[in-house]
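Working notes for the structure below.
No lab work stands behind these numbers, since they all come straight from the coordinates. Note that the coordinates shown come from a computational prediction; the quantities given were computed from them, not determined experimentally. Positions of Cβ are generated from backbone atoms using ideal geometry, with glycine treated the same way; all protein chains shown enter the neighbour counts.
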Amino acid sequence: MNAFSETEFDLSAQRVKEIIDADEAELVDVREPYEWDAGRIPGAKHIELERLAGRADELPKDKPVIFLCRMGRRSALATDAFRAVGYDAYNMRGGIQAWAEEGLPLEPDDGQVAEH
């Protein structure tokens, strides 16, 4: 097991907040634009899952990357794919839904988790 991981390559929302607050990883939201617009985690980078492979060069190889989506399924696919090509990648377990349920901040101020 590595320094970030709680269970293999999945991290809780609370652990992701700690890591992001310490600027120890890049947070990448792979949801659709309407989901991003409804509510997002401050500081996250938005790259839709279907565009992720073509924009991989925008992600650091020298710093961990944490992927998130609504519930954690799409971001788990991204995590597996990026780990397979050498990235130090992680999945936020439960996605932005878990983040919101923990009462962690969303933007804009009236941000919410959109249905997928």
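Of the residues making up the range 77-116, those that are under 15 Å from the mean Cα position of the chain (by Cα) and either assigned to a loop (DSSP other than H, G, I, E, B) or crowded, with 20+ Cβ neighbours inside 10 Å (or both) number 19. Right, Arg51: surrounded by 14 or more Cβ atoms within 10 Å (Cβ to Cβ) and of a type in the set (Lys, Arg) or not? Here the answer is no, as Arg51 does not meet what is asked. Restricting the range 38-72 to residues that are touching a residue at least 12 places away in the same chain (Cβ under 8 Å) and part of a helix (DSSP H, G or I) leaves a set whose member that is farthest from His116 (Cα to Cα) is Glu58. Against the condition over 21 Å from Gly103 (Cβ atoms) and under 10 Å from the mean Cα position of the chain (by Cα), how does Val16 come out, does it pass? So Val16 fails the test.
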